[in-house]
1. It is to be established whether one or more residues within the range 91-99 are modelled with pLDDT of 95 or more, of a type in the set (V, I, T) and surrounded by fewer than 16 Cβ atoms within 10 Å (Cβ to Cβ).
2. Kindly indicate the residue of the range 502-515 that is without any contact (Cβ under 8 Å) to a residue 60 or more places away in the chain and either open to solvent by 20 Å² or more (accessible area, probe 1.4 Å) or more than 14 Å from the ligand (Cβ to nearest atom) (or both) and also nearest to A425 (Cα to Cα) among those meeting that condition.
3. Just for helices (runs of 4 or more DSSP H) wholly inside the range 103-185: which have at least 3 residues that are open to solvent by 20 Å² or more (accessible area, probe 1.4 Å) and of a type outside the set (K, R)?
4. Residues that are at positive phi and either within 15 Å of the ligand (Cβ to nearest atom) or in contact with a Phe, Trp or Tyr (Cβ under 7 Å, 6 or more places away or on another chain) (or both): does the range 368-390 have at least one?
5. Looking at the range 407-432 only, could you name the residues that are of a type in the set (D, E) and open to solvent by 10 Å² or more (accessible area, probe 1.4 Å)?
6. Taking D485 as meeting all but one of (1) touching a Phe, Trp or Tyr at 6+ places or on another chain (Cβ under 8 Å); (2) charged (D, E, K, R); (3) at pLDDT 95 or above, write down the number of the exception.
7. From the list Y304, Y318, exactly one residue is more than 16 Å from the ligand (Cβ to nearest atom), among the hydroxyl-bearing types (S, T, Y) and open to solvent by less than 10 Å² (accessible area, probe 1.4 Å). Which is it?
8. Looking only at the range 14-24, count how many residues are in a helix (DSSP H, G or I) and either touching a residue at least 40 places away in the same chain (Cβ under 8 Å) or surrounded by 14 or more Cβ atoms within 10 Å (Cβ to Cβ) (or both).
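The values are calculated or read from the model by the stated rules, or taken from the named source; none is laboratory data. This one's a predicted model, so the numbers in the text were calculated from it and none came from an experiment. Note: ideal-geometry Cβ built from the backbone for every residue, glycine included; neighbour counts use all protein chains shown. Protein only, heavy atoms only, side chains kept; ligands, DNA and RNA dropped before computing areas. Shrake-Rupley method; radii C 1.70, N 1.55, O 1.52, S 1.80 Å.
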Amino acid sequence: MGDRAAVDDDSSVDGRLSPPPSFVEQANVGENLREEFDREWPACWNRAGECLSWETPADSVLDDSEPPFYRWFPGGQLNAAYNCVDRHLESGRKNHAAIRWEGKDGERRTYTYQELFVEVNECAAALRDLGVEEDDVVTIYLPMIPELPIAMLACARIGAPHSVVFAGLSAAALATRMDAAESDFLLTCDGYYRRGDAFNQKRKADNAVLSVDADVTTVVVDRLGEELTHVLGSNEHDYDDLLETHAGATVDPVTRDAEDMLFLMYTSGTTGEPKGVVHSTGGYLAYAAWTTRTVLDVKPKDTYWCAADIGWITGHSYIVYGPLALGTTTVMYEGTPDYPDRDRLWELVERMAVDVFYTAPTAVRAFMKWGTAYPEAHDLSSLRLLGTVGEPINPRAWHWYHEHIGGGECPIVDTWWQTETGGIAISTVPGVDDMKPGAAGKPLPGIEVDLLASDGTPVDSGETGYLTLSRPWPGMAKTLYDGDDRHLEEYWQQFSDPDAGRWRYASGDAARMDEDGYLTILGRVDDVINISGRRFSTMEIESAIVGVEGVAEAAVVGGPDGSDVYAYVSTERGTEPGAELEERVLAGVERAIGSIAQPGTIVFTPELPKTRSGKIMRRLLEDVTNGEPLGDTSALRNPEIVGEIQSTVRDQ
Ligand code: WTA
């Protein structure tokens, strides 16, 4: 074991820890992986391709003739649902648990691979019968119930890309995404439970459908039964009835080209318009499976739990596609970590003997706040590896997680990636690399990172630079649904030099690299904000706030612990700032985006700090929010307002 110095210094990387020999011995991948990948690049990515079963083998690994529109596994053909379900029946694992679902109040369901096969087929048959054809985009607006991954796999089976919209997003957000994808099929439910309360989901879906351009066909899962009755309108179908009608039906998996779209996932960009990130079938699935195996060390016999929501990319890659492609048991949890009590997750880990656990740092910080008694009440010795994703994990939270959840033994992988990368791109490889709390680790084998200054020149070791990826990788987004031009503009233009044949993907994050090549991620450099590891555009939230009557202007910035949003709001003349307006601001954000994007703190101010050219100085507001020394205020038209805002924030 490495030294455990400076546990209290929470600001920087603090020492090194080696994975214990017991872990190293059994790890899926061993030493020399990086060297092998470097030597054999891009052929090394065949190893990802080999995680899958192909109907037609690819002609080559990579066609890079039209960068940055790289074609992975060109000529290859496969079906994602076949890879995640059927082939495990053929390999004699039909009675192995595929999904273990834990619902509200201890409600449980387990789907073996055989049972998953049956329901995915019935659902696929039903969707076809409703008119879903290959390449039609099906929108799925479901909470964490088994019908969500089943619907995704049913879509994949018939070659219809899915667009999953997080169930907590608002009707308006759902409608925007359906319109943008020209989607006229929707799967939703009557409602769901959150912390024991029943939420009406169908009302939101109905409102969205009303404002969508297309004539929408809707399938409704009856999740709440008697607790929340609903009436089906025209063009609405009950999920269970459909399955009954198609009981025992099977649908041949549709042959898809490696390059065909498997799904699109809307995510926040720097503008208020969400971006439809398009993922391919072959490259994406191969990368999801390979990273699950390499970084999360998942084995078919494992019970593996990624405690995220399938409504975001983490759930797509690491609850559904990666683990199911490997034939493991993936856990799905509907509830929250503190209901009915704060030991809920540990009770589940103990009961299911979970081997690998993957969550967000914001959750770890909550566990830490709740104290050690909750995990101590359970036997967590089944755990072999822990992971985090979505935001930086500070060394103190890292050590707490290591000590109190991992028993001081489990390695931790701090995994950096994005909706656009499809899978993990930076992390330690757990059986190979030493860990450094506070640093995510090195780029994965085959991935090349360059940290650049704004003029595109590399920064020195230890200096902060823009995080760019300078080699393509199989999980990379193919394009944006809005078109190749926006894709080029958003990700490739800034740091590429096409004349020199150099293409670099701009991640939108800043990072620092130490002398060993370990990267510390410093967060977004664009107008994207991370709230509890979820991604929103500041503009999206601001425009929701400005849409509230009486609000003149708004600026939002992330709070000190990464899980809170501060909104600075100026009011129109004649509008009193206060509790009533605050309520309306919160309601406005809930309506436009969803309650998850609601600011935790609203600061009313007569004016926002602005440059002489009238641009809001968000950077200064960030300093004020985080209690940091103020940067340069000389460019401000109204410098006096900053002091006023500072004292308001201090008093709140
Ligand atoms: C942030 C989530 C620090 C980062 C998978 C990135 C991280 C954004 C980490 C993508 C990490 C993700 N350390 N920051 N380990 N992982 N991020 O698209 O800012 O929802 O750009 O994908 O989350 O968020 P997204």
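1. no
2. It comes out as R504.
3. Answer list for the range 103-185: 113-129, 171-180.
4. Checking the range 368-390: at least one residue is at positive phi and either within 15 Å of the ligand (Cβ to nearest atom) or in contact with a Phe, Trp or Tyr (Cβ under 7 Å, 6 or more places away or on another chain) (or both).
5. E409, D414
6. So the condition that D485 fails would be (1).
7. Sole residue among the options that is more than 16 Å from the ligand (Cβ to nearest atom), among the hydroxyl-bearing types (S, T, Y) and open to solvent by less than 10 Å² (accessible area, probe 1.4 Å): Y304.
8. Qualifying residue count, the range 14-24: 3.
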